[in-house]
Amino acid sequence: MTGDRSDNIERLSPNDVPAVVNALLRDGGVVVRGMLTLGAAHQVRAEIAPHVERREPGFGDDQGFYGPHTVRVQGLAAKSLAFVDTILLNPTLLAIADAVLLEHCGHYWMSQAETIYIRPGNDAQPLHRDDVNWSYAARLGINLQVSALFALGDYDTAVGATNVVLGSHLEPYDTPIDAMRAQPVEMEPGDALVYLGGLAHGGGANTSGDRVREALYIGLLVGWLTPEEAVVHSVPEALARTLPARARALLGWANLRGNVATSGVEAATQLWQLDRDRLDDYRGTFFHR
Ligand SMILES: O=C(O)CCC(=O)C(=O)O
């Protein structure tokens with residue numbers, strides 16, 4: 001499927017998390033080969049397929065950025081248990097996020113997860129840094145978000161492989177992006193492009209004529225910033241009760257400790273609470289109040 005690769009992005013095994021983190025911090029993005037098994041990629045794809053079929057391509061008025069021929073489905077935890085088991089709780093992804101984000105927060109949570117299925121005829125997306133969503137915080141010059149784009153199917157240049165500008169995460173977040181330095185990152189199904197919120201990137205143009213680029217995006221964000229997707233509203237209480245505690249917490253059904261524990265007081269702080277009850281105690285008084 002993929003031909004000669006002209007990019008120079010590191011391609012590493014999910015079993016060597018320290019090497020992945022090292023490449024991520026150095027280059028801003030890294031490919032983790034086989035981060036999902038092929039079986040898991042097929043399962044996730046199959047479970048979300050009916051939702052993708054029902055969804056119109058495009059996204060509100062902002063067609064240029066989100067793509068008039070791109071299908072984006074969110075609320076994935078309520079649509080696919082395979083998504084929860086193999087992507088949200090992916091042990092490699094969480095180990096990377098622990099290493100990168102816990103330096104700056106007590107907890108992180110999911111900012112957004114969505115399909116990004118780029119159909120033929122969609123132009124390349126403008127290059128951008130995701131951290132622009134949190135521009136005040138981006139000025140701090142710390143890592144706010146770890147994201148991954150999982151290849152569920154074809155991910156070559158003709159279908160719109162993601163363009164990245166390696167090293168751009170080291171520049172201030174509002175530095176103009178040099179498109180001449182962008183390179184497409186081709187992947188095999190099951191591979192993931194893991195990248196920092198400061199990396200300039202964008203979906204590629206789909207010039208294939210007859211193939212769809214099927215990617216699944218997930219972003220993990222420091223717990224003191226507001227997620228991009230209103231995640232907790234898409235996970236009903238009945239479902240939240242059945243999920244593993246870690247999944248519940250990542251989806252906003254748990255209290256957050258915003259700060260790194262630098263003192264006893266900060267360690268005790270509890271954000272995202274209701275009437276001082278613990279949101280993560282599903283046997284407690286929070287539900288059905
Ligand atoms: O589809 C891609 O490869 C990147 C998508 C992206 O960066 C976005 O939609 O913000």
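Worth a mention:
- From the list V31, V52, the one residue that fits, being within 16 Å of the ligand (Cβ to nearest atom) and in a strand (DSSP E or B), is V31.
- Residues in the range 128-138 that are touching a residue at least 60 places away in the same chain (Cβ under 8 Å) and surrounded by fewer than 20 Cβ atoms within 10 Å (Cβ to Cβ) were compared, and the one that is farthest from the ligand (Cβ to nearest atom) is A137.
- Any hit, the range 90-102, residues being assigned to a loop (DSSP other than H, G, I, E, B) and at pLDDT 95 or above: yes
- Residue within the range 187-195 that is near the ligand (Cβ under 10 Å from one of its atoms) and either open to solvent by 10 Å² or more (accessible area, probe 1.4 Å) or assigned to a loop (DSSP other than H, G, I, E, B) (or both) present: no
- Any pair with Cβ under 6 angstrom, 6 or more apart, that starts in the range 202-221 at a residue that is more than 8 Å from the ligand (Cβ to nearest atom) and ends at one that is of a type in the set (K, R) and open to solvent by 10 Å² or more (accessible area, probe 1.4 Å): V212/R119
- Restricting the range 82-100 to residues that are in contact with a helix residue (DSSP H, G or I) (Cβ under 7 Å, 6 or more places away or on another chain) and under 17 Å from R248 (Cα atoms), the residue that is nearest to the ligand (Cβ to nearest atom) is I87.
- P57 vs. criteria more than 16 Å from the ligand (Cβ to nearest atom) and surrounded by fewer than 21 Cβ atoms within 10 Å (Cβ to Cβ): no
- Beta carbons closer than 7 Å, at least 6 apart along the sequence or on distinct chains, pair a first residue in the range 46-59 that is in contact (Cβ under 8 Å) with a residue 40 or more places away in the chain with a second that is part of a helix (DSSP H, G or I) for I48/L76.
- Of the numbered criteria (1) under 16 Å from the mean Cα position of the chain (by Cα); (2) open to solvent by less than 10 Å² (accessible area, probe 1.4 Å), the one W109 fails is (2).
- Test: A161 is within 30 Å of D210 (Cα to Cα), assigned to a strand (DSSP E or B) and touching a Phe, Trp or Tyr at 6+ places or on another chain (Cβ under 7 Å): no
So that you can scan it fast, the table gives a plain yes or no per residue for (1) modelled with pLDDT of 90 or more; (2) in a helix (DSSP H, G or I); (3) within 24 Å of A148 (Cβ to Cβ); (4) of a type in the set (A, V, I, L, M, F, W, C):
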site	(1), (2), (3), (4)
E214	yes, no, yes, no
L225	yes, no, yes, yes
E228	yes, no, yes, no
R241	no, yes, no, no
A247	yes, yes, yes, yes
A254	no, no, yes, yes
T262	no, no, no, no
R283	no, no, no, no
H288	no, no, no, no
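- Residue match in the range 205-223 (condition: closer than 20 Å to A113 by Cα, open to solvent by 50 Å² or more (accessible area, probe 1.4 Å) and not basic (K, R)): yes
The values are calculated or read from the model by the stated rules, or taken from the named source; none is laboratory data. All values derive from a computational prediction rather than experimental measurement. Cβ: placed from backbone, ideal geometry, glycine included. Neighbour counts: every protein chain shown. Protein only, heavy atoms only, side chains kept; ligands, DNA and RNA dropped before computing areas. Shrake-Rupley method; radii C 1.70, N 1.55, O 1.52, S 1.80 Å.
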